Every structure is written in C-alpha cells, then in structure tokens.
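The values are calculated or read from the model by the stated rules, or taken from the named source; none is laboratory data. Here the structure is a predicted model, which is why all the values come from computation and not from measurement. Here the Cβ is made from the backbone with ideal geometry for all residues, glycine too, and neighbour counts use every protein chain on show. Remember, those area values only see protein heavy atoms, side chains included, never the ligands or the DNA or RNA. Shrake-Rupley method; radii C 1.70, N 1.55, O 1.52, S 1.80 Å.
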Amino acid sequence: MKKEIAFIFDLDGVIVDTAKYHYLAWRNLANALGFDFTEAQNELLKGVSRVKSLEILLSIGKVNLSEEKKQILLLQKNKEYLEFVNKMTSEEILPGVNDLLNFLEINDIKYALGSASKNAPLILEKVGLLNRFTAIVDGNDVSKAKPDPEVFLIGAKKLGMNPENCVVVEDAIAGIQAANAAKMISMGIGDANVLNEADYVFKDMTAITPDFLKNLMN
C-alpha cells in the first residue's frame, strides 16, 4: 500500500546556490574595511544569522565598530546581496531539482520550502519556481533557527501532514538535526561524513533515483 508522504526542501545548497552571493557580499565588505576574507573563512558563516556573521567577519579582521556603524554595514551587505539575487535566472536551479519536482508532481506528492532566508520567495520567483511549491516557510515565519525544528513543523502544518510522513531535504548538519528533532525522514545532500546524522545521504540531487523515491512511498 502506498504511504502518503510530503517533501520539505531547504533552499540554499539544495534548490539553488546563493551561498556564493553571500560570500561575495561579505568579501567586498571585508575588502572595504581593509582586510581579505577567504572562502575557507566563509565556512564559519554557514547557517549563521546575518548579525552573528558580521561579528565573525569583524573578529577575523580585528576591526572594532560602533553598533550604529554595524547596522549600516548590515544594510549595505544585504543590499549588495539582493542585487546579485535580482539577476538570478532559472539557469541557477541546481542539477536534478527539476527532475525531482516533476516526479513528485506526477505522483501527487506535495512539497514545501523550509528556509531561514527572508528572501526565499524572491529567489524562487527569480528562478521560476515560486508557483510550484504548495507552501513556503521562510525567515518571516520562524523565530527559532535550525537545529530547532520549528521551520519544518510549520511546513508540515501548512501541508496538512503529520511530521513523521515528511521527508526533509537539507545540505547542512543543523538542518538534518532539525529534521530529526521534528521526527521527520532526513535526507542529506552533500558529504556523508558531514551529514552523518541523516537517514539518507546523496552526493547531489541527481543521485536521487525514481526507484529510491518509490521505495520511500511504499
């Protein structure tokens, strides 16, 4: 007998890669303050709030600023990031995503987005996916960051599904931990060593096969 399931997708690193734009905006900010900011250092900002990211950046550059100046820089960084986002097109949808969404739609499986990004609807609109999601939970809907399960529990509620019947697709360990805390099936995209708490791990979205999905449904 076919089990009713639903999918909840993280956005960045799963549907699209906007992390590169965050990095460019932070790097440009660091350069303007007189120091360099490497891609390796950028790893420290993954899954971290904008305010905390700025604190980490300033500590790397050994720069002390007033709260007022920090607020100005946060707005400046976000403005530059949004300039990158506004130029996004469907070309930026990661490989395998459309195939997976097509499979879900053909099989009447509902899916939602569960992202901490307040820009999630804008990004989905830019890449032409906004109307395909049954529900969207973004940074405006949540008060607690992953690994807290709030974002995914709201997603399940919007889909009208029990949490245990939801499959979460995530590329960050905090997201996997959030899915596990919500008692959902956790599917990691990326490095199996990093995402070792996930129920399943695939190197990328293209590795998720129709056979695997059919088994999940049975």
Checklist entry - Mind ordering 9-21, 134-146 by average Cβ neighbours within 10 Å, highest first? => result 9-21, 134-146
Next on the checklist: Under the √(5λ) rule applied to the eigenvalues of the Cα gyration tensor, what semi-axes describe the equivalent ellipsoid of segment 1-112? Give them in Å, descending.
Outcome noted: 37, 14, 12
Item to check | Percent carbon-and-sulfur accessible area, segment 1-131, ignoring ligands, DNA and RNA, probe 1.4 Å | outcome: 51 percent
Next on the checklist: Running a GNM on the chain with Cα contacts under 10 Å, which residue among Ser90, Ser115, Ser186 ends up with the highest mean-square fluctuation?
Outcome noted: Ser90
Checklist outcome for this item: The helix 50-60 Cα axis meets the longest alpha-carbon principal axis of the chain at an angle in degrees, between 0 and 90 and rounded to 10, of 50 degrees
Next on the checklist: Per DSSP helix of 4 or more residues, -39500 (n - 2.57); summed, then divided by the residues of the chain. What does that give at 222 nm, rounded to the nearest 500?
Outcome noted: -12500 deg cm²/dmol
Checklist entry - Any idea of the accessible area per residue across the chain, 1.4 Å probe, to the nearest Å²? => result 50 Å²
Checklist entry - Using the alpha carbon gyration tensor of the chain, what are the three equivalent-ellipsoid semi-axes (square root of 5 times each eigenvalue), largest first, in whole Å? => result 33, 17, 16
